[in-house]
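Nothing in this text is a laboratory measurement; each read-out follows from the coordinates by a stated rule. A quick note: this is a predicted structure, and the numbers were derived from the prediction, not measured. Here the Cβ positions follow ideal geometry from the backbone for every residue, glycine too, while neighbour counts run over all protein chains shown.
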Amino acid sequence: MSLFTRRPEGKHLRNYDPMMAFMPFLMQKRNESAIYFTQEIDITEIKAFLHEHNHQTLSNGGVKMTLFHVILAALIRVVAERPQMNRFIIGRRVYQRNDFSVAFVMKREFKDDAKEEIVVMKFEPNETLESISSKLQKEVHKIRAEAKVDAVKRSGIVNWFNVLMLLPRFVLKAFVAIMTWLDYYNLLPKFVIDLDPMHASVFVSNLGSLGIDAPFHHLFEWGTTPVFITIGVSKKVPKVLADGTIGVREVVNLGITLDERIGDGFYYARSLQRFKQILEHPQELEKPYTPKSEKF
């Protein structure tokens, strides 16, 4: 691997479709390369699955699972099976990411004036729903416990803003320009990449917890995150069932924004179909997936 193409979080793809490799030169920015999907997910079976699981495990001291946990577990499984979804563009080059990382926002408390924290977590491809739920629960509890001890200090990269926002505007502008230059030329320090939510595989925003539906979110020009998923509020709708009768089903909408330069439309469509299939059959996530290689 060339010194000029080496990055800590991914491997430069050399044997790549020439047409796709040329796309970052035609579409130079992430938002001009963005495509948008709305995916309605029937969560009736997920809700029944979660109710049964939580009823059995909570009485034995187990971990409570939520819809967010199931969606995240399905994402991890799809990326394990279809690794092109874990690519990114930087410096007009295409990279395969080494790990799968998820960024999301959490509130310290469910209050209007409560501060938000940005969480970045890495997961292995053979994770099960139970292990993912356990990791998420531990991380959330840790951040909220730390917030009670120190109401000023923030989690991860957000804590840096306490210092950065003391600087004059011209210094901040120069700082961002320098960091962008370092990222473009693969010189950005690894600890920044690891902490930064805009260098994650995917950013997930659970707006259903706020009682609103899923909008389309933009992709940030800073960083390398090529996928943004919003989760809407659940609602009950009439559906035509398999036997031809009309029944009431519970559904949520997902708003998906992704950088089309990392793959072709056919691959995206198949990946989204698989994602929907897993969500509607969550029992698949109870067993670990064994990928063909050690990395995504």
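If you put +1 on each Lys and Arg Cβ and -1 on each Asp and Glu Cβ, how big is the dipole of segment 57-131 around its Cα centre, in Debye rounded to 20?
Details: 12 positive and 10 negative charges, 82 e Å.
With Lys and Arg at +1 and Asp and Glu at -1, about 400 debye.
The order of the peptides 160-173, 127-140 by mean Cβ neighbours within 10 Å, most packed first, is 127-140, 160-173. Counting only DSSP beta bridges with both residues in segment 35-282, the antiparallel share comes to about 80 percent. Here the chain is assigned +1 on the Cβ of each Lys and Arg and -1 on the Cβ of each Asp and Glu. Its dipole about the Cα centre then comes out at about 720 debye. Annotation for ASN126 and VAL237: the two label points, set 7 Å from Cα along the Cα-Cβ direction, are 3.9 nm apart.
How high is the FRET efficiency between VAL248 and TYR289 when r is their beta carbon distance and R₀ equals 22 Å, given to the nearest 0.05? Taking R0 as 22 Å, the efficiency between VAL248 and TYR289 is 0.10. Since only LEU182, GLN283, VAL120 are under comparison, the one whose Cα sits farthest along the positive direction of the charge dipole of the chain, derived from C-beta charges on Lys, Arg, Asp and Glu, is LEU182.
Going down the list LYS138/LYS276; LYS138/LYS190; LYS11/LYS190; LYS115/LYS142; LYS64/LYS235, which pairs span over 18 Å between their C-alpha atoms? Violating the 18 Å limit, Cα to Cα: LYS138/LYS276; LYS138/LYS190; LYS64/LYS235. Annotation for segment 235-259 versus segment 138-203: alpha-carbon center distance of 38 Å.
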